[in-house]
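Throughout, read-outs are computed from the coordinates displayed, never taken from laboratory work. Note that the coordinates shown come from a computational prediction; the quantities given were computed from them, not determined experimentally. Ideal geometry is used to build each Cβ from the backbone, glycine not excepted, and the neighbour counts take in all protein chains shown.
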Amino acid sequence: MRIEYSKYNLINLLTLFLIISILQCVPDAPHSNPLDPIYKDSNKGGLEITGYIFRKNVPTFPIDNCLILLIPGQRYTLSDPTGWFSFKNITKGSYQIVLSKPGYQDDTTSIQTDTLTSEPLSYYLNGLPSIKNIHLNSQFIDQWWPDPFWSVTIKLTADDPDGPNDIQEILFQIPELNIMDTLERTSQIDSFYLRLLEPDFPLANIFSVIGKEIFVEIMDRSQAKIVEGPFFIHRIIETSPIPLNPTGLAIVSSQPVLTWQSYPSNFDFDFEIQVFFIVAGIPTLIHTQTQIPASENQYSYPEILGPGQYYWVIIVRDQLGNMSRSKEATFQVQ
């Protein structure tokens, strides 16, 4: 049988042959779309691992400048202001991603490239609590009633990248004395306070705390803990200053001059004056003057006092904040 080709059939066959030849010479289209599950770096042909770093607690803000380490390979990068990071030209296999940033709890996860999807990875870091400032000192309060007492107080403000509300507990610890107690939150959400009295110490000897290592442990609601310290109490002042005049409900002018005995000591200190107005037996602090030089022994009240009963105290305060307060010295203005 003889097959005859028309001119048009011949042209169609030549066109088809040409198309097939061209397609055989064209390589696979590059997977350059980041949403492609098998996305490849168009330059080198490797896989890409992408993701975001966020703060753990609500609101989950992005974390920038987080160090992301890819193991094996020891490759690393930093997250941008949106929390975004990426590793390009990655071969198939098993990896660990280590996340680290100061102020946050480190995190390590394992990934398999075969199980990755087109979605970026998401990681959430827990912020670590920290101490903003701390005041640790001793007090001796001399008074007519009840009995005089010594105490140690700790005042601190704390913070957390997830907000001060994330702070769950703060512990005060003196391991050598086997003392542990919890600081109470004050009216300010980032402020905490604790006072220890003589009976809280072994054998009721508060002086045993001098020179002992003191630590503060802070725990957040995710149970992350940090321990700060050691801190120290270096001095407990044993004796109180003595007011001289006015005392004993003496009648004075409306601008009295307050005098006291010189205070002998082997440490640097300043005096401090506090004046209280007494109404229905309840004292109200109406005036404080701090940083009176240790060489002084009198103070002229700077304002006009109205009629009534008052008392004043003189305080010795060293450079570390340890203090000793005198007994109350009463007077009256008519």
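Comparing L136, F172, L116 along the charge dipole axis of the range 110-177, the residue lying farthest to the positive side is L136, per the Cβ-charge model. The slack in the chain from T182 to T77, taken as 0.36 nm per residue of separation less the alpha-carbon distance, amounts to 33.7 nm.
With a simple spin-label model that places each label point 7 Å from the Cα along the Cα-to-Cβ direction, the separation between N245 and I226 comes to 5.5 nm. For E328, nonlocal amide neighbours, meaning residues 5 or more places apart or on other chains whose placed amide H falls under 5 Å from its own, are W144. Highest mean first, the peptides 190-198, 296-304 sorted by other C-beta atoms within 10 Å per residue fall in the order 190-198, 296-304.
Using +1 on the beta carbon of Lys and Arg, -1 on that of Asp and Glu, and nothing else charged, what's the dipole of the chain about the Cα centre, debye to 20?
On the way: 21 positive and 36 negative charges, 243 e Å.
The calculation lands at about 1160 debye.
Helical content of the chain, expressed as a calculated mean residue ellipticity at 222 nm, amounts to -2000 deg cm²/dmol (DSSP H runs of 4 or more residues, -39,500 (n - 2.57) each, divided by residue number, nearest 500). Scalar couplings 3J(HN,Hα) for the range 201-217, obtained by applying the Karplus form with A = 6.51, B = -1.76, C = 1.60 to θ = phi - 60°, are 9, x, 6, 6, 9, 5, 5, 5, 6, 4, x, 7, 6, 10, 10, 10, 10 Hz; x denotes Gly and Pro. Were the residues from D200 through I286 laid out at 0.36 nm apart, the gain over their Cα-Cα distance would be 27.7 nm. Computed as a quarter of the hull surface, the mean projected area of the alpha carbon convex hull for the range 144-203 stands at 5.6 nm².
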